[in-house]
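Student: I'd like to ask some things about the structure below.
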Amino acid sequence: MNKAELIRNNIEKQVCSFFGSRSVTDFTPGLTPVPYAGRVYDEKELTALVDSALDFWLTAGRYARTFEEKLAEFTGARYSILTNSGSSADLLAITALTSPLLKNRRLKPGDEVITTACGFPTTVNPILQNGLVPVFVDVSLGTYNINTDLLERALSSKTRALIIAHTLGNPAELDVLTRFCRKHKLWFIEDNCDALGSQYKGKFTGTFGDISTCSFYPAHHITMGEGGALLTSDPLLRRIILSFRDWGRDCWCESGRDDTCKKRFSQKFGGLPFGYDHKYVYSHIGYNLKVTDMQAAIGCAQLKKLPDFIAQRRRNFTFFYDAFKKYGDYLLLPRWERKSDPSWFGFPILVKNDAPFSRNDIVTYLEGKKIATRMLFGGNLTKQPAYKNTKYRVAGRLDNTDEVMNRLFWIGVYPGIKKPQRDFIVRTFRNFFKKKAG
């Protein structure tokens, strides 16, 4: 072992010692916040981050390659492509389908994309940002996923694609969705940002569509701070995604490598002179949405913990479900397909119309006890100010989406919620019902 390796090993030991020296704050019910989500990590993430920093390879490198390989291996997808956020992953997924390389299947301005208005903006925004038209379909209460009975009503001669999110980790009806897309020759994109590790018929979500997306924001199943990924098993789509992610370039050499195609100076592109350097040929109008290797280093450590994180989320969800069943007169609890095994992102609760209290009443009470709550993201996105003057179409009505907007909230199930926090949450709910419902 040379001097540099000895120093590196010593630094790793010091980082582990630093992590172990930090004091752990005891949980005090009502005073210590119970977040809806957060980072769960130990010395493994810190040592990986420092190890990457010592390499000083600031863009994607060895950790990024390892993460992409391991994520693809975990999910069963053929390819994984890292990007700087889940939002960028959604943008790349939709934008990839506009590529001229897809010929007569490429999406063009004015084409329609079926989706829901119930959820997070970044599932819808890339549709608008590419000059496409979102067609909003209502959701089903309980699952809060797209109502598949309404899909045919949403179809038109302009429909070219469908993008859905698996709401709070709850898989949508993938049998119906994949069959619908095959029947009508539509592209299918899964926004899997809230559902990493969820399964449908024993297969991971994110592997049913042509492209799927993941997020590694601190609130999600695993984190690298900021960060996201796309999954696909189509080599052409992978090539297109990489191009749009990396400035729109035509070259597919990894960072720091040259002449992978062995034709760097012997090709003709567009109006460029023969032999123009392939590294500076651009076949798409792209972006720079790459990830850093330091982020990927954290992700590699987190990915090893993913199976345990998933198990802990399911345990927390089951604990709350069993505890809240007794309040069925006032609360609509979540439901899921028999074919699915969700990796829950949160526990959704809808306050029924005839309950003797409002959503605001219970949310205010919980927040007053330091228990974090969240709405189901943007509620009905068509009611948000950002979409006031945008072009979209609604297939039927969005009554259930409005119900979600007005009466639904959710609490966390992330692995940082342990038995003391779980017990306190259940006790707080019980005390609220004693006061409001007798």
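Student: Which residues, taken from region 325-349, are assigned to a helix (DSSP H, G or I) and either crowded, with 18+ Cβ neighbours inside 10 Å or of a type in the set (Ser, Thr, Tyr) (or both)? Full working, then the answer.
Tutor: The initial filter retains those residues of region 325-349 that are assigned to a helix (DSSP H, G or I), namely 325-327.
Tyr327 - this is the single residue of region 325-349 that is assigned to a helix (DSSP H, G or I) and either crowded, with 18+ Cβ neighbours inside 10 Å or of a type in the set (Ser, Thr, Tyr) (or both).
Student: Out of the residues in region 261-291 meeting the condition of being among the polar types (S, T, N, Q) and surrounded by 13 or more Cβ atoms within 10 Å (Cβ to Cβ), tell me which one is modelled with the lowest pLDDT. Outline the logic, then answer.
Tutor: Of region 261-291, the ones among the polar types (S, T, N, Q) are 266-267, 283, 288.
Going one step further and asking which of them are surrounded by 13 or more Cβ atoms within 10 Å (Cβ to Cβ), we end up with 267, 283.
Values: Gln267: 91, Ser283: 94.
So the residue we want is Gln267.
Student: In region 292-313, how many residues are among the basic types (Lys, Arg) and crowded, with 18+ Cβ neighbours inside 10 Å? Spell out the reasoning first.
Tutor: Restricting attention to region 292-313, the residues satisfying the condition of being among the basic types (Lys, Arg) are 304-305, 313.
If we keep only those that are crowded, with 18+ Cβ neighbours inside 10 Å too, we end up with 305, 313.
Within region 292-313, residues that are among the basic types (Lys, Arg) and crowded, with 18+ Cβ neighbours inside 10 Å number 2.
Student: Turning to a different aspect of this structure: Among Ala64, Ala60, Ala37, Ala72, which is the only one that is under 22 Å from the mean Cα position of the chain (by Cα), at pLDDT below 95, surrounded by 12 or more Cβ atoms within 10 Å (Cβ to Cβ) and within 30 Å of Thr232 (Cα to Cα)? It would help to see each step written out before you state the result.
Tutor: Values: Ala64 fails: at pLDDT below 95; Ala37 fails: at pLDDT below 95; Ala72 fails: at pLDDT below 95.
So the residue among Ala64, Ala60, Ala37, Ala72 that is under 22 Å from the mean Cα position of the chain (by Cα), at pLDDT below 95, surrounded by 12 or more Cβ atoms within 10 Å (Cβ to Cβ) and within 30 Å of Thr232 (Cα to Cα) is Ala60.
Student: Further, regarding this structure: Give me the pairs, please: first residue somewhere in region 415-438 and closer than 20 Å to Val24 by Cα, second residue anywhere and assigned to a helix (DSSP H, G or I), beta-carbon distance under 7 Å, and either six or more positions apart or on two chains.
Tutor: Pro415/Phe309; Pro415/Gln312; Pro415/Arg313; Ile417/Asn316; Arg422/Asn316; Arg422/Phe319
Student: Output the residue which, of all residues in region 391-438 that are in contact with a strand residue (DSSP E or B) (Cβ under 8 Å, 6 or more places away or on another chain) and of a type in the set (Ser, Thr, Tyr), is nearest to Pro35 (Cα to Cα).
Tutor: Thr428
Student: For Ile362, only one of the following conditions fails: (1) without any contact (Cβ under 8 Å) to a residue 40 or more places away in the chain; (2) among the aliphatic types (A, V, I, L, M); (3) buried (at least 19 other Cβ atoms within 10 Å of the Cβ). What is its number?
Tutor: The number of the failed condition is (1).
Student: OK, next. Counting just the residues of region 227-247 that are out of contact with any Cys (no Cβ under 9 Å at 6 or more places or on another chain) and either at pLDDT below 95 or of a type in the set (A, V, I, L, M, F, W, C) (or both), which one comes out farthest from Ile81 (Cα to Cα)?
Tutor: Looking at the filtered set, the residue picked out is Trp247.
Student: A further question follows. Return the residues of region 233-257 that are under 15 Å from Leu91 (Cβ atoms) and either surrounded by fewer than 19 Cβ atoms within 10 Å (Cβ to Cβ) or of a type in the set (Val, Ile, Thr) (or both); say none if nothing qualifies.
Tutor: First pass over region 233-257, keeping only residues under 15 Å from Leu91 (Cβ atoms): 237, 240-248.
Within region 233-257, Ile240, Ile241, Trp247, Gly248 qualify.
Student: Checking Arg245 against (1) of a type in the set (D, E, K, R); (2) free of Cβ contacts under 8 Å to residues at least 60 places away in the same chain; (3) under 24 Å from Thr98 (Cβ atoms), only one condition comes out false. Which one?
Tutor: (2)
Student: Turning to a different aspect of this structure: Say whether the condition of being farther than 26 Å from Arg338 by Cα, touching a residue at least 40 places away in the same chain (Cβ under 8 Å) and aliphatic (A, V, I, L, M) is met by at least one residue in region 190-213.
Tutor: Step one: list which residues in region 190-213 are farther than 26 Å from Arg338 by Cα, which gives none.
No, region 190-213 contains no residue that is farther than 26 Å from Arg338 by Cα, touching a residue at least 40 places away in the same chain (Cβ under 8 Å) and aliphatic (A, V, I, L, M).
Student: Take the residues of region 92-138 that are of a type in the set (S, T, N, Q) and outside any loop (DSSP other than H, G, I, E, B): which is nearest to Ile163 (Cα to Cα)?
Tutor: Looking only at region 92-138, we keep the residues that are of a type in the set (S, T, N, Q), and these are 95, 98-99, 104, 115-116, 122-123, 125, 129-130.
Checking the rest, the ones that are also outside any loop (DSSP other than H, G, I, E, B) come to 95, 104, 115, 122-123, 125, 129.
Numbers: Thr95: 13, Asn104: 20, Thr115: 5, Thr122: 11, Thr123: 7, Asn125: 12, Gln129: 15 Å.
In this case the residue turns out to be Thr115.
Student: Go through (1) more than 26 Å from Phe74 (Cα to Cα); (2) acidic (Asp, Glu); (3) buried (at least 22 other Cβ atoms within 10 Å of the Cβ); (4) without any contact (Cβ under 8 Å) to a residue 60 or more places away in the chain for Asp149 and report which single condition fails.
Tutor: Here Asp149 clears every test but (3).
Student: In addition: If you check Leu46 against the conditions, is it surrounded by fewer than 20 Cβ atoms within 10 Å (Cβ to Cβ), in a helix (DSSP H, G or I) and at pLDDT 95 or above?
Tutor: On the way: surrounded by fewer than 20 Cβ atoms within 10 Å (Cβ to Cβ): yes; in a helix (DSSP H, G or I): yes; at pLDDT 95 or above: yes.
Yes: the conditions hold for Leu46.
Student: If you don't mind, another one. I need every pair where a residue in region 252-265 that is free of Cβ contacts under 8 Å to residues at least 40 places away in the same chain and closer than 21 Å to Leu237 by Cβ has its Cβ under 9 Å from the Cβ of a residue that is among the basic types (Lys, Arg) and in a loop (DSSP other than H, G, I, E, B), sequence separation at least 6 or different chains.
Tutor: From region 252-265, the pairs are Cys253/Arg264.
Student: Restricting to region 266-288, name every residue that is among the hydrophobic types (A, V, I, L, M, F, W, C) and in contact with a Phe, Trp or Tyr (Cβ under 8 Å, 6 or more places away or on another chain). Before the answer, list the steps.
Tutor: Kept after step one, since they are among the hydrophobic types (A, V, I, L, M, F, W, C), are these residues of region 266-288: 269, 272, 274, 281, 285.
Phe269, Val281 - these are the residues of region 266-288 that are among the hydrophobic types (A, V, I, L, M, F, W, C) and in contact with a Phe, Trp or Tyr (Cβ under 8 Å, 6 or more places away or on another chain).
Student: While we're here: Going by what's in this entry, would Gly142 be described as more than 23 Å from Ala229 (Cα to Cα), among the small types (Gly, Ala, Ser), in contact with a Lys or Arg (Cβ under 7 Å, 6 or more places away or on another chain) and at pLDDT 95 or above? Quick ask: steps written out before the conclusion?
Tutor: Working: more than 23 Å from Ala229 (Cα to Cα): yes; among the small types (Gly, Ala, Ser): yes; in contact with a Lys or Arg (Cβ under 7 Å, 6 or more places away or on another chain): yes; at pLDDT 95 or above: yes.
Against the criterion (more than 23 Å from Ala229 (Cα to Cα), among the small types (Gly, Ala, Ser), in contact with a Lys or Arg (Cβ under 7 Å, 6 or more places away or on another chain) and at pLDDT 95 or above), Gly142 qualifies.
Student: Of all residues in region 208-225 being farther than 14 Å from Tyr41 by Cβ and not hydroxyl-bearing (Ser, Thr, Tyr), which is surrounded by the fewest Cβ atoms within 10 Å (Cβ to Cβ)?
Tutor: Among them, the one singled out is Asp210.
Student: Sticking with this one: Taking Leu376 as the residue in question, decide whether it is in a helix (DSSP H, G or I), crowded, with 18+ Cβ neighbours inside 10 Å and of a type outside the set (Asp, Glu). Break it down into steps so the answer makes sense when it comes.
Tutor: Numbers: in a helix (DSSP H, G or I): no; crowded, with 18+ Cβ neighbours inside 10 Å: yes; of a type outside the set (Asp, Glu): yes.
In short, no.
Student: From the list Phe120, Phe136, exactly one residue is of a type in the set (Phe, Trp, Tyr), within 27 Å of Gly346 (Cβ to Cβ), buried (at least 21 other Cβ atoms within 10 Å of the Cβ) and at pLDDT 95 or above. Which is it? Show your work before the answer.
Tutor: On the way: Phe120 fails: buried (at least 21 other Cβ atoms within 10 Å of the Cβ).
That would be Phe136, the only listed residue that is of a type in the set (Phe, Trp, Tyr), within 27 Å of Gly346 (Cβ to Cβ), buried (at least 21 other Cβ atoms within 10 Å of the Cβ) and at pLDDT 95 or above.
Student: Further question: Is one or more of the residues making up region 122-136 of a type in the set (Phe, Trp, Tyr) and under 17 Å from Glu173 (Cβ atoms)?
Tutor: Restricting attention to region 122-136, the residues satisfying the condition of being of a type in the set (Phe, Trp, Tyr) are 136.
Then drop every residue that is not under 17 Å from Glu173 (Cβ atoms), which leaves none.
No, because not a single residue in region 122-136 is of a type in the set (Phe, Trp, Tyr) and under 17 Å from Glu173 (Cβ atoms).
The values are calculated or read from the model by the stated rules, or taken from the named source; none is laboratory data. Everything quoted here is computed from the prediction, not taken from an experiment. All Cβ positions, even for glycine, are placed from backbone atoms using ideal geometry, and neighbour counts span all protein chains on display.
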